[in-house]
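Trainee: What follows is a single structure, and I will ask about it in a moment.
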Amino acid sequence: MEIGMLPISASKRGKLLAAGYTTLHSIATTSITHLATDIEVSESEALEILNFATRNSALERSSGSNTNVIQVGGQTAWDMLNEERFSSSITTSCADLDNILGGGINCKEVTEIGGVPGIGKTQIGIQLAVNVQIPLDYGGLGGKAIYIDTEGSFMVERVLQIAEACIEDMSEYSHHFHKDNQAYGVKMHPNSILENIFYFRVCSYTEQIALVNYLDKFVTEHKDVKIIIIDSVTFHFRQDFEDMALRTRLLGEMSLKLMKLAKNFSLAVVMLNQVTTKHVEGSFQLTLALGDSWSHSCTNRIILYWNGDERHAYIDKSPSLKSASAPYSVTSRGIRNSTSSSKRIKMV
Amino acid sequence: MANKLINQLGLPKSIANIFAARNIITAKALLLMEQRVRNESLAGHLPTRLKGLDEALCGGIPFGVLTELVGPPGIGKTQFCLKLSLLASLPVNCGGLEGRVIYIDVESKFSSKRLIEIGTKSFPEIFHKKGMAQEMAGRIMILRPTSLSEFAESLHRIKVSLLQQQVKLLIIDSMAALVLGEHDSGASRQQALGWHVSFIKSLAEFSRIPIVLTNQVRSQIGDESLMYSFQARSHSTKEDTPVTFDSHLVAALGINWAHAVTIRLVLESKSGQRFIKLAKSPISPPLAFPFNITASGIVLLDDNGIEMKGPEINNIHCQGQNALSNYERVRHQL
């Protein structure tokens, strides 16, 4: 193995393997602090190992003009492509919506979802917090969720309803595909789903910022968290904020931290946003709140809106997904496909 | 199984103190539910005794969140509030909260005579006992602030009673009158409203009581409904939505307020029949219940409710003026 090529002690080699570093590349692309915590050595020792790793992997690729090789922490686009193939997504329980999202809400990305009151933002948030826990056997991530509630709209009764419906769906699925295998009973209980949602309630924007800063430590201790939902990111920043420049700065910092969290821990960050009206070309239009500079902060932006009597989701901004809109509905079991017969995914 | 409070996580003392001071504790959703079911009376909901509505709301008006009643004048918002204050002051063995009620009556609509009438007609066994009427009416405290700042002061004072666990329900009738009477321009009004909304919400949150607010309506200005920019592009090319001449009203206080309330009950009158609709609720389907106002308060005509699809549920109608004035006639007959 490549690790064997490193001039380090056998115990350190053992620790590297135990922590999951099997190739030089995986060491070279991690940061010093992560390496130090993962294999429990001091930072200077970690730096040493890192240098050996980059030197060696540099030697592998030095053929050719590209001597400007992997800087510590950087990645080539080819490596990213390979990673992205395995990157996971969390289903929304609505097939049409999953389709336009390319499988679901992507991990390692920050997705913003906004809409008018009553369109279903909190419902989608709760559905995602439940769906992230779907076990690997059923195509889910088997992870936990962090739910940051700024408005108090997280109602436990509803989470229970959605959790129960999710378990029922999973049992049905296992009946279909594993009719012969008796052992495939769904062993999840709605209470265990509730147990895996870490709920935080913040009551002011300072608390919100403090919490986001603290999340790094929290997720390091709870590595199985795979989604962070903030419902809503807007509320405390809309009330009573006089200094708009300060607000823009704070929001920018917060979104950078969240993006970093998403990338470092391979989790999905979902931010729910409210709407406001803005005056454009002589008429009033709806737009997501928090201003123009905020609209740059997220990777993907989904707008939920009413199209006649149906709820639709529209991908407003995404580096990889096509602008499309899909219908969905909110039922007593959670978010599901829309039942109208004339549904079609509109490519815009 | 123990999930840790922040102070047990071994953070440096300074950070832990800040968090504790600002009240950030983490909880697993399961613990939340267990706590509420165990500790709170009636599992965290105040039953309204309107069977269909209570079922849709998973038990009744939920604790700890803001519930808004919005509708045109004379539709029955204050009647609903009167009934709720009575229900909260009822003894626990009769399905009440046996607590004090603070009724913030901005427009001087509170009628104690009507309160007693509702009480004697709805709960005759309780009210005919000697002294019960006095005891229950004695639990309802009416405040009449004349300005937003006076209102804020009263709220600060209420906070203390809430801490002492005596107050079980807070009713603000009406929020719109407080705010709209104050400022002229939109921006400062929005800001003042914003501060008050945050404060009331945090009050609801840490005291875990139901807070009910009433709101007024205003007519819809401009053309149909607001749209997003991407909708406007495609809409201009199609003309398939027929122009409706159905005039309707919208809730006052703006879209920011609409986001801030957790549950919105719309009361309206359509073709002479009154409806109470669950326009915004994270725990209920969008249902509309027809109702009437009788001597014992609001009475649902159909407990099953009509499911309403689409944004129509947010529209507020005020048709059938005769129906509204019927109430006056009924009242005087009693």
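Trainee: Any residue at all in segment A:245-259 that is in a helix (DSSP H, G or I), modelled with pLDDT of 85 or more, out of contact with any strand residue (DSSP E or B) (no Cβ under 6 Å at 6 or more places or on another chain) and within 14 Å of another protein chain (Cβ to nearest Cβ)?
Mentor: So in segment A:245-259, the residues in a helix (DSSP H, G or I) come out as A:245-259.
Next, only the ones that are modelled with pLDDT of 85 or more stay: A:245-259.
Checking which are out of contact with any strand residue (DSSP E or B) (no Cβ under 6 Å at 6 or more places or on another chain) leaves us with A:245-257.
Cutting the leftovers down to within 14 Å of another protein chain (Cβ to nearest Cβ) gives us A:247.
Checked segment A:245-259: at least one residue is in a helix (DSSP H, G or I), modelled with pLDDT of 85 or more, out of contact with any strand residue (DSSP E or B) (no Cβ under 6 Å at 6 or more places or on another chain) and within 14 Å of another protein chain (Cβ to nearest Cβ).
Trainee: Please indicate, with yes or no, whether at least one residue in segment A:44-57 is modelled with pLDDT of 90 or more and buried (at least 17 other Cβ atoms within 10 Å of the Cβ).
Mentor: Quick first cut of segment A:44-57, residues modelled with pLDDT of 90 or more only: none.
Scanning segment A:44-57 turns up no residue that is modelled with pLDDT of 90 or more and buried (at least 17 other Cβ atoms within 10 Å of the Cβ).
Trainee: With the requirement that a residue be of a type in the set (Gly, Ala, Ser) and in contact with a Gly (Cβ under 9 Å, 6 or more places away or on another chain), what does segment B:97-123 give you?
Mentor: Initial filter on segment B:97-123 (of a type in the set (Gly, Ala, Ser)): B:99, B:108, B:111-112, B:119, B:122.
Across segment B:97-123, the qualifying residue is only B:SER122.
Trainee: Which one of A:ALA262, A:ALA210 is within 12 Å of chain B (Cβ to nearest Cβ) and surrounded by 14 or more Cβ atoms within 10 Å (Cβ to Cβ)? If you could, list the steps in order and put the result at the bottom.
Mentor: On the way: A:ALA262 fails: within 12 Å of chain B (Cβ to nearest Cβ).
Only one candidate qualifies: A:ALA210.
Trainee: Report every pair of residues separated by at least 6 positions or lying on different chains whose Cβ atoms are under 7 Å apart, first residue within segment A:255-278 and β-branched (Val, Ile, Thr), second surrounded by 24 or more Cβ atoms within 10 Å (Cβ to Cβ) and in a helix (DSSP H, G or I).
Mentor: What qualifies is A:VAL270/A:GLY125; A:VAL270/A:LEU128.
Trainee: For A:ARG311, state whether it is crowded, with 22+ Cβ neighbours inside 10 Å, at pLDDT below 90 and within 14 Å of another protein chain (Cβ to nearest Cβ).
Mentor: Details: crowded, with 22+ Cβ neighbours inside 10 Å: yes; at pLDDT below 90: no; within 14 Å of another protein chain (Cβ to nearest Cβ): yes.
The answer is no for A:ARG311.
Trainee: Return the total of residues in segment B:43-67 being over 23 Å from B:GLY272 (Cα atoms) and out of contact with any His (no Cβ under 8 Å at 6 or more places or on another chain). Steps first, please.
Mentor: First, the residues of segment B:43-67 that are over 23 Å from B:GLY272 (Cα atoms): B:43-49, B:54-67.
Narrowing further to those that are out of contact with any His (no Cβ under 8 Å at 6 or more places or on another chain): B:43-49, B:55-56, B:64-67.
Residues flagged as over 23 Å from B:GLY272 (Cα atoms) and out of contact with any His (no Cβ under 8 Å at 6 or more places or on another chain) within segment B:43-67 amount to 13.
Trainee: Also, I was wondering about something else. Only one residue in A:VAL225, A:VAL233, A:VAL212, A:VAL202 is assigned by TED's automatic domain parsing to the domain that holds A:ASN273 and at pLDDT below 90. Which one? Walk me through how you get there before you give the answer.
Mentor: Numbers: A:VAL225 fails: at pLDDT below 90; A:VAL233 fails: at pLDDT below 90; A:VAL212 fails: at pLDDT below 90.
Answer to the check: A:VAL202.
Trainee: Take segment A:124-146 and flag every residue that is within 12 Å of another protein chain (Cβ to nearest Cβ) and surrounded by fewer than 23 Cβ atoms within 10 Å (Cβ to Cβ).
Mentor: A:LYS144
Trainee: Write out, first by first residue and then by second, each pair whose Cβ atoms fall under 8 Å of each other, whose residues are 6+ apart or on separate chains, and whose first residue, in segment B:57-78, is closer than 23 Å to B:HIS317 by Cα while the second is of a type in the set (Phe, Trp, Tyr) and not in a helix (DSSP H, G or I).
Mentor: These pairs meet every condition: B:GLY76/B:PHE291; B:THR78/B:PHE110.
Trainee: Among the residues in segment B:102-113, are any free of Cβ contacts under 8 Å to residues at least 60 places away in the same chain and crowded, with 20+ Cβ neighbours inside 10 Å? Give the derivation first.
Mentor: Keep residues of segment B:102-113 that are free of Cβ contacts under 8 Å to residues at least 60 places away in the same chain, which gives B:108, B:111-113.
Filter once more, keeping what is crowded, with 20+ Cβ neighbours inside 10 Å: none.
Looking for residues that are free of Cβ contacts under 8 Å to residues at least 60 places away in the same chain and crowded, with 20+ Cβ neighbours inside 10 Å, one finds none in segment B:102-113, hence no.
Trainee: What is the one condition in (1) at pLDDT below 80; (2) crowded, with 16+ Cβ neighbours inside 10 Å; (3) touching a helix residue (DSSP H, G or I) at 6+ places or on another chain (Cβ under 8 Å) that B:LEU170 does not satisfy?
Mentor: B:LEU170 satisfies all of (1) at pLDDT below 80; (2) crowded, with 16+ Cβ neighbours inside 10 Å; (3) touching a helix residue (DSSP H, G or I) at 6+ places or on another chain (Cβ under 8 Å) except (1).
The values are calculated or read from the model by the stated rules, or taken from the named source; none is laboratory data. Keep in mind that this is a model prediction, so the values were computed, not measured. Note that we place each Cβ from the backbone using ideal geometry, even for glycine, and neighbour counts take in every protein chain shown.
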